[in-house]
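A quick write-up on the structure given underneath.
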Amino acid sequence: MESLLQQFTRETGIRVRDLPVPETTLDQLDLSRRLLRQAAAGPDALAVDVIWAGVLQPDLVDLQREVADEFPLLGPQLLRSYQADGKLAAVPYTVQVGVLQYRRDLLREYGYQRPPRTWDELEKMAARIQAGERAKGHKDFWGYVWQGAAAEALTCNAIEWQAAAGGGRIIESNRTISVNNPAAIRSWERAKHWIGWISPPSVLAYQELDSLNVFDKGGAAFGRIWGGASITHIALFRQMHWRNSLAQSITGYTTIPGGLTGGAGTLGGSGLAVSEHSSHRKEAIELVRFLIRAQIHSNQVDERAVVDRAGSHGADSASEAGRTSEAVIRTKLVVRPSTETGTQYEHVARAYFDAVHSVLTGEKSASIAAAALEKELVRITGLPVGPPLKGD
Ligand code: GLC
């Protein structure tokens, strides 16, 4: 980012000061909201998590004509996630998708030819590898690490569990609340069962960096992580090379396991927005255009590099996903119900991750938590209750 901003200043003469942001998305939302309310004293341009477009929209400029129209390569599904109240509140900039990382060396050692496709398979592999590693003296080795703290990262994990089980996406595209259903309840119960068995009890306090640290120091066989996709091809992901602590050659990436209908990865990422109160609107829009152009270019270069590498090895292709850490993998997406709930998504998400967390800690049974959550979501949104939609 720093060198990009320097290049922008060289090309345009516009100087940019980059402000630091907190680690978690809810803290980032609080800060953005506070700063935007300072009107002209706040930021001119900012990055906005894909789920907050509806919440921050009143303070943001409509970028459809000013920016998006210039980039026809941006996918309509991605643009829709940033639309709120008929306005394009941000232009997609980074795209993340939930994926499963695994230890290729350990899978091979324990006789597995391929990574797990279902949660049943993951449980079997994780339990067996964990027992084997512990028997070798690696006492604190765990099968599977993920993000179980009462935070938005848990929303992303849990919506993947339930969507793949046919349990819907909390609130469906027809704006009905679907969360209190047997498939969602069973999927939460399954995750609770992992804790203390294949996942450490501390997973209840993990966010992304915590599980990453355990996996990277060789402490787990599987981990849920964000994969990077490109803003022009969101259904494909590859791991971004922003860390290399565990040798690339022993880490594999594949789609999140699923049930009968296959797994799905949560759509994450962020878009670039311009403050409605900025006194440098023209310059801020110029910066957004510059960054999007650079991102599209670097995505295209990345994609070419993957294709070239696949060609030279002969074997890697999307159909052999998971065979190498460089493979480009096609995944199904699950989208959090932020466009359906707009300004209320923040309250919906807090109610959801608190409910799931109370199940994971054993404070509430899954069926009681789901029934109470359903009531709470009706109260927050005023929407009706309905079944999960097929193909949502
Ligand atoms: C990542 C994703 C974002 C998500 C967050 C949850 O930053 O890009 O969409 O809300 O993780 O922790």
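The values are calculated or read from the model by the stated rules, or taken from the named source; none is laboratory data. Since the structure is predicted, the reported quantities are computational estimates derived from the model, not experimental observations. Reconstructed Cβ throughout: ideal geometry from the backbone, glycine too, with neighbour counts over all protein chains shown.
In region 45-113, which helices (runs of 4 or more DSSP H) lie fully inside it and hold 1 or more residues that are modelled with pLDDT of 95 or more and under 30 Å from T254 (Cβ atoms)? Walk me through how you get there before you give the answer.
Details: elements: 53-56, 76-81, 104-109.
Once the helices (runs of 4 or more DSSP H) in region 45-113 are filtered for at least 1 residues that are modelled with pLDDT of 95 or more and under 30 Å from T254 (Cβ atoms), what remains is 53-56, 104-109.
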Odd one out for L31 among (1) without any contact (Cβ under 8 Å) to a residue 60 or more places away in the chain; (2) closer than 23 Å to E286 by Cβ: (2)
Among the numbered conditions (1) away from the ligand (no atom under 16 Å from the Cβ); (2) crowded, with 18+ Cβ neighbours inside 10 Å; (3) closer than 17 Å to R293 by Cβ; (4) not aliphatic (A, V, I, L, M), tell me where F71 comes up short. (2)
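Here are P116, P92: which of them is under 21 Å from the mean Cα position of the chain (by Cα) and farther than 29 Å from D62 by Cα?
Details: P92 fails: farther than 29 Å from D62 by Cα.
Only one candidate qualifies: P116.
Answer with yes or no whether Q295 is within 30 Å of Q7 (Cβ to Cβ), within 16 Å of the ligand (Cβ to nearest atom) and either modelled with pLDDT under 90 or not in a helix (DSSP H, G or I) (or both).
Numbers: within 30 Å of Q7 (Cβ to Cβ): yes; within 16 Å of the ligand (Cβ to nearest atom): yes; either modelled with pLDDT under 90 or not in a helix (DSSP H, G or I) (or both): yes.
When the stated conditions are applied, Q295 passes them.
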Sole exception among (1) of a type outside the set (K, R); (2) at pLDDT 90 or above; (3) under 30 Å from T361 (Cα atoms) for G271, by number: (3)
Every residue from region 169-193 that is of a type outside the set (A, V, I, L, M) and either closer than 13 Å to A370 by Cα or within 16 Å of the ligand (Cβ to nearest atom) (or both): R169, S178, N180, N181, P182, R186, S187, W188, E189
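For (1) modelled with pLDDT under 95; (2) among the hydrophobic types (A, V, I, L, M, F, W, C), each residue gets a yes or a no:
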site	(1), (2)
R169	no, no
N181	no, no
A191	no, yes
L204	no, yes
L212	yes, yes
F222	no, yes
T232	yes, no
H241	yes, no
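Kindly indicate whether T12 is away from the ligand (no atom under 16 Å from the Cβ) and hydroxyl-bearing (S, T, Y). If you could, list the steps in order and put the result at the bottom.
Numbers: away from the ligand (no atom under 16 Å from the Cβ): yes; hydroxyl-bearing (S, T, Y): yes.
When the stated conditions are applied, T12 passes them.
Could you check region 152-168 and list, in sequence order, the residues that are hydrophobic (A, V, I, L, M, F, W, C) and within 14 Å of the ligand (Cβ to nearest atom)?
Let us first name the residues in region 152-168 that are hydrophobic (A, V, I, L, M, F, W, C), namely 153-154, 156, 158-159, 161, 163-165.
Those that are hydrophobic (A, V, I, L, M, F, W, C) and within 14 Å of the ligand (Cβ to nearest atom): A153, L154, C156, A158, I159.
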Being of a type in the set (S, T, Y), under 19 Å from T266 (Cα atoms), surrounded by 18 or more Cβ atoms within 10 Å (Cβ to Cβ) and away from the ligand (no atom under 16 Å from the Cβ) is true for just one of Y93, Y102. Which residue is that? Y102
Evaluate the following for S187: is it at pLDDT 95 or above, surrounded by fewer than 17 Cβ atoms within 10 Å (Cβ to Cβ) and hydroxyl-bearing (S, T, Y)? no
Quick one: what pairs do we get from region 266-282, first residue away from the ligand (no atom under 14 Å from the Cβ), second of a type in the set (K, R) and modelled with pLDDT of 95 or more, C-beta under 9 Å, 6+ apart or different chains? V274/R281; S275/R281
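Name the one entry in R10, R15 that is among the basic types (K, R) and either touching a helix residue (DSSP H, G or I) at 6+ places or on another chain (Cβ under 7 Å) or closer than 15 Å to T343 by Cβ (or both). Please lay out each step first, then the result.
Values: R10 fails: either touching a helix residue (DSSP H, G or I) at 6+ places or on another chain (Cβ under 7 Å) or closer than 15 Å to T343 by Cβ (or both).
Within the list R10, R15, the selection yields R15.
A quick yes/no check of all residues on (1) over 17 Å from A184 (Cβ atoms); (2) within 16 Å of the ligand (Cβ to nearest atom); (3) at pLDDT 95 or above:
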position: T343; (1), (2), (3): yes, no, no
position: E346; (1), (2), (3): yes, yes, yes
position: F353; (1), (2), (3): no, yes, yes
position: T361; (1), (2), (3): yes, no, yes
position: A366; (1), (2), (3): no, no, yes
position: A369; (1), (2), (3): no, no, yes
position: P384; (1), (2), (3): yes, no, yes
position: K390; (1), (2), (3): no, no, no
